[in-house]
1. For the range 34-109, restrict the atom set to alpha-carbon positions and state the Rg and Dmax in Å.
2. Sort the following peptides by mean Cβ neighbour count (other Cβ atoms within 10 Å, averaged over residues), highest first: 96-107, 42-53.
3. Using 0.36 nm times the number of residues separating residue 103 and residue 30, minus their current alpha carbon distance, what extension gain do you get?
């Protein structure tokens, strides 16, 4: 059982260290800081898209440092989505790629 546990731990460590390397292709530079007015426009566009697709989401806009500028939770969206939206937005800024890039890297393992 100990050997199986060691293999599982080694595989997890390998996967975690591989993901950032695999996801580092074509990283965009950090952009200019976003104002509250710009964040409101982004939220309005995202809300329109969510309503068009009947999605219940939380929309979070962060600045170039990963700090929240604005958050908007659509009616009937689960409360757990608030932290998830903030985490996804912060991940996108800090790693300079979408969280989808990490998902794609995991799928390719």
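Values in this text are rule-based calculations from the coordinates and carry no lab data. Only a predicted model underlies this, so the values are computations on that prediction, with no experimental measurement involved. Ideal geometry is used to build each Cβ from the backbone, glycine not excepted, and the neighbour counts take in all protein chains shown.
1. Gyration radius and largest Cα-Cα distance of the range 34-109: 13.0, 41 Å.
2. Ranked by mean Cβ neighbours within 10 Å, highest first: 96-107, 42-53.
3. 24.1 nm
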